[in-house]
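The values are calculated or read from the model by the stated rules, or taken from the named source; none is laboratory data. In this text, all values refer to a predicted model and were calculated from it rather than measured experimentally. Just so you know, the surface numbers come from the protein's heavy atoms only, side chains and all, with ligands and any DNA or RNA stripped out. Shrake-Rupley method; radii C 1.70, N 1.55, O 1.52, S 1.80 Å.
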Amino acid sequence: MVLDFDEKLKEAGTSDELKKLKTWMFQEQVRIQARKDELEELRHELQQERKALESERNALNLKIEAEKKRFRDNEIFMKKKLKIIEDGYQQLSVDKKMLECERLNFEYEKTRYRKQKVNTPPPPPKVYPIDASGADIGFFKGVDNQLALRKRYKELLKIYHPDNRCGDAKTLMRIQAEYDALKRQYYEV
């Protein structure tokens, strides 16, 4: 119901009616102003809520982006770990194949060596020169008396005794046999 105020003023003939209309108009203006203030306040509250929601949305977006970045970083890290493990398995596989080849080569060489050892006659025993007295010649070469013999014997024991690093029991037995033969020769004289 739209009222045309000018028509109402024309129709109102008396001052009481005019007064009522002016009062009504004043009340209507007050009501409209109050409604306008309420709407303005509501608009202001909505703008504040909107700003709060936007800041909350921005914070959530930042959080989501941070989570996505962390997820991508974890994914990249896991891919790198997986790549390292795969490379390790590949290297392990290569090493296993190489070890198997070495084992087969070793087995081949071992059987070849055994066949060669079986087919090859044993080397002839070493013959050490012996002088007329029956003693080896070599360890006590140049010894011409009893004192030199004993001195050379002690030196050879220090060198070839089995407790030493260069020691050898067989060599020591040969030295002992030669020493005994020469000792008999010098003590008989």
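Taking a straight line from the alpha carbon of LYS20, these lysines sit under 22 Å away, with near neighbours fewer than eight places off in the same chain left out: LYS8, LYS10.
Using a cut-off of 26 Å between Cα atoms, the listed pairs LYS141/LYS170; LYS117/LYS170; LYS96/LYS117 include LYS96/LYS117 as exceeding that distance.
Counting only protein heavy atoms and using a 1.4 Å probe, the accessible area of LEU62 comes to about 130 Å². For region 23-96, the convex hull spanned by the alpha carbon atoms encloses 47 Å³ per residue.
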